[in-house]
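I have placed the structure first, in the form of structure tokens, so that the comments after it can refer back to it.
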Amino acid sequence: MSRTALLFLMGMLIYQAAHTQKIIGRQGQVSFFSYTSVENIKARNNQVSSIIDLNSSDIAVSMLMNAFVFEKALMREHFNESYIETDIYPKASFVGKIMDFEPNQNTSQVKIIKGTFTMRGMSEELEIKTKIEPQGNLLVLSGSFETKVEAYDINIPPLLAGNIAKTITVDFIIEHEPYVEN
Amino acid sequence: MLHFRYILILFTTSLVLVLHGCEDILKKDISAMDPIAELSADELLFGLEEDENFYKEEILSVEGSLVEVNTKNGNLNFLMRGNTNQNHYVICEMNHSITLGNKDVSEGETIVVKGILKGYLNDAVLLNCVLDKTNKNE
């Protein structure tokens, strides 16, 4: 799915949120970890956006790739300029559906979210085991998944190949609240 | 011996310059740094809707109405809104050294926040922000 199509779908979900039963997460957190014997790399992004349509169980998540904060400035520089090329590919998106979702359930549920994750113009089909937990008027989605660096055509110089894991662990937690149009 | 001393001074100076250059702009205190522009929340949101690269990665000073203060993800965050664009926020993730209680702000008041603009999703996102002023100390 092209970036334009993903943005269009995200826009449609936001538009529909005003008219149907939608919930929005404005400040979700996504972290990733790369573990190798040479170096461990961790980064987190606290400003991830998400929309869920409670009627259709559709979910659309979007994040600014340049908003990841690293332990070291040099790691962030390499990530933005050499690996992700955030000037060319500023956003990553996930568009999918929560399988067998029970939106009215007032206890915790664990569901599979099937969808397409797109980064650097490359897409990967993912199935993500996700905990869905009601907390007052919030619905909190959290989970973890692994993805392979090679799926996103990231150009890592041979000299640095040992510093970056082939499989990256991604953790997420996103609080959703009712979408209210003003 | 004198030659060695010059090399040592040159090496030390270079190291200091390199380390200084590596200081993370997303963590350092930007209080003393000049913003490239001073905008209202509305001007920022309209600018980003027209062009997603609008002042991207630049230090901006943004004035808006404070609608929410939260500590999501372990960080203090200020959410501001403009006068006309009510459905989108300017989200300011504050510098890690700023905690609730350090600054006297309350929801509904007009504040000015300085931060690094990262871009636009449903809302404008600024990181490593500092509070420039509130209408209490104007």
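The values are calculated or read from the model by the stated rules, or taken from the named source; none is laboratory data. Keep in mind that this is a model prediction, so the values were computed, not measured. FYI the Cβ positions are ideal-geometry reconstructions off the backbone, even for glycines, and counts take in every protein chain you see.
Of the residues examined, A:V110 is not one that is part of a strand (DSSP E or B) and surrounded by 14 or more Cβ atoms within 10 Å (Cβ to Cβ).
Give the residues of the range B:46-57 that are in contact with a Leu (Cβ under 8 Å, 6 or more places away or on another chain) and either assigned to a loop (DSSP other than H, G, I, E, B) or within 11 Å of chain A (Cβ to nearest Cβ) (or both), sorted by residue number. Result: B:F54, B:Y55, B:K56, B:E57. Picking from residues in the range B:89-101 that are in a loop (DSSP other than H, G, I, E, B) and under 18 Å from B:L127 (Cα atoms), the one that is nearest to the chain's Cα centre (by Cα) is B:N95.
For the range A:153-182, filtered to residues that are in contact with a helix residue (DSSP H, G or I) (Cβ under 9 Å, 6 or more places away or on another chain) and not hydrophobic (A, V, I, L, M, F, W, C), the residue that is farthest from the other protein chains (Cβ to nearest Cβ) is A:K166.
Selection of the range A:132-170 for residues being farther than 26 Å from B:E68 by Cα, of a type outside the set (V, I, T) and within 15 Å of the chain's Cα centre (by Cα) yields A:G143, A:S144, A:F145, A:E146, A:K148, A:Y152. For the range A:30-39, taking the residues that are within 11 Å of A:G162 (Cα to Cα) and not hydroxyl-bearing (S, T, Y), the one that is surrounded by the fewest Cβ atoms within 10 Å (Cβ to Cβ) is identified as A:V38. Taking interchain pairs and intrachain pairs at least six residues apart, which have beta carbon atoms under 6 angstrom, with the first residue in the range A:77-88 and in contact (Cβ under 8 Å) with a residue 12 or more places away in the chain and the second assigned to a helix (DSSP H, G or I)? If the second residue must be assigned to a helix (DSSP H, G or I), the pairs left are A:N80/A:N66; A:I84/A:M65; A:T86/A:M65; A:T86/A:N66; A:T86/A:N80. For the range A:161-182, taking the residues that are out of contact with any Leu (no Cβ under 6 Å at 6 or more places or on another chain) and over 23 Å from A:G121 (Cα atoms), the one that is surrounded by the fewest Cβ atoms within 10 Å (Cβ to Cβ) is identified as A:N182. Scanning the range B:58-88 for residues that are part of a strand (DSSP E or B), over 18 Å from A:L64 (Cβ atoms) and among the β-branched types (V, I, T) returns B:V67, B:V69. A Cβ distance below 7 Å, combined with a sequence gap of six or more or placement on separate chains, defines the contacts here; from the range B:33-58, residues that are in contact (Cβ under 8 Å) with a residue 24 or more places away in the chain and more than 17 Å from B:K114 (Cβ to Cβ) reach residues that are surrounded by fewer than 19 Cβ atoms within 10 Å (Cβ to Cβ) and of a type outside the set (F, W, Y) in the pairs B:D42/B:N83; B:D42/B:T84. Residues of the range B:72-89 include at least one that is surrounded by fewer than 19 Cβ atoms within 10 Å (Cβ to Cβ), within 12 Å of another protein chain (Cβ to nearest Cβ) and under 21 Å from B:E38 (Cβ atoms). Residues in the range B:22-41 that are over 17 Å from B:N128 (Cβ atoms) and either within 14 Å of chain A (Cβ to nearest Cβ) or at pLDDT below 55 (or both): B:A41 alone.
Can you find a residue that is of a type in the set (D, E), within 17 Å of A:L54 (Cα to Cα) and not in a helix (DSSP H, G or I) anywhere in the range A:123-139? Checking the range A:123-139: at least one residue is of a type in the set (D, E), within 17 Å of A:L54 (Cα to Cα) and not in a helix (DSSP H, G or I).
Residue count for the range A:51-87 under the criterion of being hydroxyl-bearing (S, T, Y), touching a Leu at 6+ places or on another chain (Cβ under 9 Å) and part of a loop (DSSP other than H, G, I, E, B): the result is 1.
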